[in-house]
Amino acid sequence: MDVGIIGYGVYIPRYRLKVEEVARVWGDDAERVKRGLLLEEKSVPGPDEDTATIAVEAACNAVKRGGVDPKEIGAIYVGSESHPYAVKPTATIVAEAIEATPNLTAADYEFACKAGTAGIQTCMGMVEARMMKYGMAIGADTAQGAPGDPLEYTAAAGGGALIIGKNGAGALATIEGTCSYTTDTPDFWRREMQPYPRHGGRFTGKPAYFKHVTSAASALLRQLQLTSRDFAYAVFHQPNGKFPLQVAKELGFSSEQVLPGLLVVKIGNTYSGSTMIGLAAVLDQAKPGERILMVSYGSGAGSDAFSVMVQDAIETKRDMAPKVLDYVNRGINIDYSTYARLRRLLVR
Amino acid sequence: MGVPRFWREIPNRYNLIGVKCKNCNRVLFPPRFICPGCRRVGKLEPHKLKDRGKIVSFTVVHVPPNGFEGQAPYALAIVELEEGPRLTAQITDCDPNQVKIGDDVEMVFRRVGQEGEDGVIYYGYKARLV
Ligand SMILES: [Zn+2]
């Protein structure tokens, strides 16, 4: 492949809900939950935020880093499981807000938490086929867990955007290859018109997350003839803090390779944003010549694996927009009742 | 506000597209058809405003209009953008009691309203303290 990352950007809402707050309401043991999930708090969107506003700020940051004319972006794909409209694409709102309209194609993607990385693959193919100069892939979500459901500790909000283009002067990283692994696995779902998802409890682990992530990653490593030692960093989808560290171990990666991109501890599971924010956090600190493995996971189920090689342009581009930690570190803690109001669990 | 009016104003609401007079360099927002300084010799062209500004004045809304109930109390400010124009914007993501005249703000893209639960969602600019 001869495609790379031209720009990247993220956005994480400001409000934070600690595990202690949720545990207090439902009578759970907070320390036990924190140990079990390896998670301290999660991000919560403000009353005027949704997947579209999150996608827009991430996209603006990607355009700033990319240094591209938005009119040269030929495709925008927004992956999410929480699009604000059932019918009316989020991608149109983003395209208008970054002034990429009207000469482009746009669509919304859905594939639980991996809809954003599916968009990356589409953009890679279209750029490689010379259908357009740049394509933008976004993963963004405002995820909800039912009150009292274990998901309530983790379901968070955030997003990441990538601008994909040909390798060359503008690419801050090249994408060396991608592999996917997809099956029909009912580990997590939400039916039409239902506000909250349901999930298969323990079933979400082994046959779902672990099977798909390891299969996609192994296929990619085989294809590129690489091993875990060829990578400086690895980013895995982060439904909690435990799964990515565990899957890394299974694949022969150390926790040192995983920790720089492990954001779930402080922001929760941002669903479609999760792996893309993880990649961005690594790009925020990686040096040219370092290789990054990124593997997403979407329930239902599938994984997309990518091998990314950091290029010289990262040094000049990375400071052109706010970094992941800038957003992580500006959190405002809220209590459960404020959370209940913001997430409209309580409505006047 | 109806859907057609919202739709017509999308460039202004999403991207702060105003006008700039080629004759006197004055920047106007919302856009106008005639430069108030130059009148007939004015030459107005679309202009994207820089997204930074300062709070000139503000009030805290405790009794919000329909559609803003969940957000009160919130700060509503007059913001002077770097290039001169002033506009009214809600200050988002903050405790309204922290807001001060002179604070630096950046304009961000947020939900500003909706036509009920089954209607269109209005997006536009708000200001965020920097
Ligand atoms: Zn004039």
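First select every other residue whose beta carbon is under 11 angstrom from the beta carbon of A:Arg14; then total the charges, Lys and Arg +1, Asp and Glu -1.
Taking every other residue near A:Arg14 into account, the sum is +1.
Among A:Pro260, A:Leu245, A:Ser228, whose Cα lies farthest out toward the positive end of the dipole of the stretch A:216-284, if unit charges sit on the beta carbon of Lys, Arg (+1) and Asp, Glu (-1)?
A:Leu245
To the nearest 10 Å², what's B:Ile101's accessible area with a 1.4 Å probe?
Roughly 120 Å² of B:Ile101 is accessible to a 1.4 Å probe.
Let me check I've understood the local charge: for A:His212, count other residues with C-beta under 13 angstrom from its C-beta, Lys and Arg +1, Asp and Glu -1. What total comes out?
-1
Quick query: amide H of A:Gly177 versus all other amide H atoms, modeled in the peptide plane; which residues come in under 5 Å with a sequence gap of 5 or more or a different chain?
A:Ser307
Across the stretch A:138-146, in residue order, what do the Karplus-derived ³J(HN,Hα) couplings come to in whole Hz, using 6.51 cos²θ - 1.76 cosθ + 1.60 with θ = phi - 60° and x for Gly and Pro?
After applying 6.51 cos²θ - 1.76 cosθ + 1.60, I find 10, x, 8, 8, 10, 6, 10, x, 4 Hz.
What number, in nm² with one decimal, is the all-direction average of the projected area of the convex hull of the alpha-carbon atoms of the protein assembly as shown?
For the Cα atoms of the protein assembly as shown, the hull's average projected area reads 22.8 nm².
Return a whole-number percent for the relative contact order of chain A, with Cα pairs under 8 Å and 6 or more residues apart as the contact set.
Result for chain A is 25 percent.
I need to check one value: relative contact order of the stretch A:275-324, counting alpha carbon pairs closer than 8 Å and at least 6 residues apart, in percent.
In percent, rounded to a whole number, it is 43.
Can you put A:Ser215, A:Ser255, A:Ser43 in order of accessible area, largest first, using a 1.4 Å probe?
Putting A:Ser215, A:Ser255, A:Ser43 in descending order of accessible area: A:Ser255, A:Ser215, A:Ser43.
From the protein chains alone at 1.4 Å, what is the descending order of accessible area for A:Asp312, A:Asp69, A:Asp149, largest first?
Descending accessible area places them as A:Asp312, A:Asp69, A:Asp149.
Just to confirm, what accessible area per residue do you get for chain B at 1.4 Å probe, in whole Å²?
56 Å²
Any residues in the stretch B:83-119 that have 40 Å² or more less accessible area with all protein chains than in their chain alone, probe 1.4 Å, and which are they?
Residues meeting the cut-off: B:Asp93, B:Phe109, B:Arg110, B:Arg111.
Accessible area per residue of chain A at 1.4 Å probe, in Å²?
With the other protein chains kept in place, chain A gives 38 Å² per residue.
Can you give me the % of accessible surface on the protein assembly as shown that is carbon or sulfur? Probe 1.4 Å, all protein chains present, nothing else counted.
51 percent
At a probe of 1.4 Å, how much accessible area disappears from chains A and B on forming the pair, both sides counted, to the nearest 100 Å²?
Buried area (both sides, nearest 100 Å²): 1900 Å².
Sorted by accessible area with a 1.4 angstrom probe, largest first, how do A:His237, B:His47, B:His62 fall?
Final ranking, largest accessible area leading: B:His62, B:His47, A:His237.
Using each residue's phi in the stretch B:48-53, evaluate 6.51 cos²θ - 1.76 cosθ + 1.60 at θ = phi - 60° and report the 3J(HN,Hα) Karplus result to the nearest Hz, with x for Gly and Pro.
Karplus-based 3J(HN,Hα) across the stretch B:48-53 equals 7, 6, 5, 8, 10, x Hz.
Report the Stokes-Einstein translational diffusion coefficient (µm² s⁻¹, integer) for the stretch A:173-315, Rh taken as the Kirkwood radius over Cα pairs, at 37 °C with viscosity 0.692 mPa s.
Answer from the Stokes-Einstein relation: 215 µm²/s.
Taking the highest mean first, how do the peptides A:32-38, A:288-294 order by number of other beta carbon atoms within 10 angstrom per residue?
The most tightly packed comes first, giving A:288-294, A:32-38.
Work through the residues other than A:Tyr196 whose Cβ is under 9 Å from its Cβ and net out their charges, Lys, Arg +1 and Asp, Glu -1.
So the environment of A:Tyr196 carries a net charge of +1.
What are the trypsin sites (Lys or Arg not before Pro) within the stretch B:23-130 that DSSP puts in a loop, where the Cβ has at most 11 other Cβ atoms within 10 Å?
B:Arg40, B:Lys100
Note down the relative contact order for the stretch A:1-74 as a percent, whole number, built from C-alpha pairs under 8 angstrom at least six residues apart.
About 48 percent, as a whole number.
Among A:Gly46, A:Gly139, A:Gly278, which one shows the highest mean-square fluctuation when chain A is modelled as a Gaussian network with alpha-carbon springs under 10 Å?
Per the Cα network of chain A with a 10 Å cutoff, A:Gly46 tops the list.
Output ³J(HN,Hα) for the stretch A:73-80: one whole-Hz value per residue in order, computed from phi by the Karplus curve 6.51 cos²θ - 1.76 cosθ + 1.60 with θ = phi - 60°, and x for Gly and Pro.
7, x, 8, 10, 10, 10, x, 6
Provide a list, ordered by number, of residues in the stretch B:1-43 showing at least 30 Å² less accessible area with every protein chain present than when their chain is taken on its own, using a 1.4 Å probe.
B:Tyr14, B:Asn15
How much length, in nm to one decimal, is gained on full extension between A:Phe203 and A:Asp184, taken as 0.36 nm per residue of separation minus their Cα-Cα distance?
So the extension gain works out to 5.5 nm.
Determine the dipole magnitude for the protein assembly as shown: charges of +1 sit on the beta-carbon of Lys and Arg, -1 on that of Asp and Glu, nothing else is charged, the reference point is the Cα centre, and the result goes in debye to the nearest 20.
So the magnitude is around 940 debye.
In terms of modelled amide H atoms, which long-range or inter-chain residues lie less than 5 Å from the amide H of A:Ile76?
A:Thr105, A:Ala106, A:Ala107, A:Met136
The values are calculated or read from the model by the stated rules, or taken from the named source; none is laboratory data. Note that the structure is a prediction, hence the values are computed from the model and not measured. Positions of Cβ are backbone-derived with ideal geometry, glycine not excepted, and every protein chain shown enters the neighbour counts. For accessibility, only protein heavy atoms count, side chains too; no ligands or nucleic acids. Shrake-Rupley method; radii C 1.70, N 1.55, O 1.52, S 1.80 Å.
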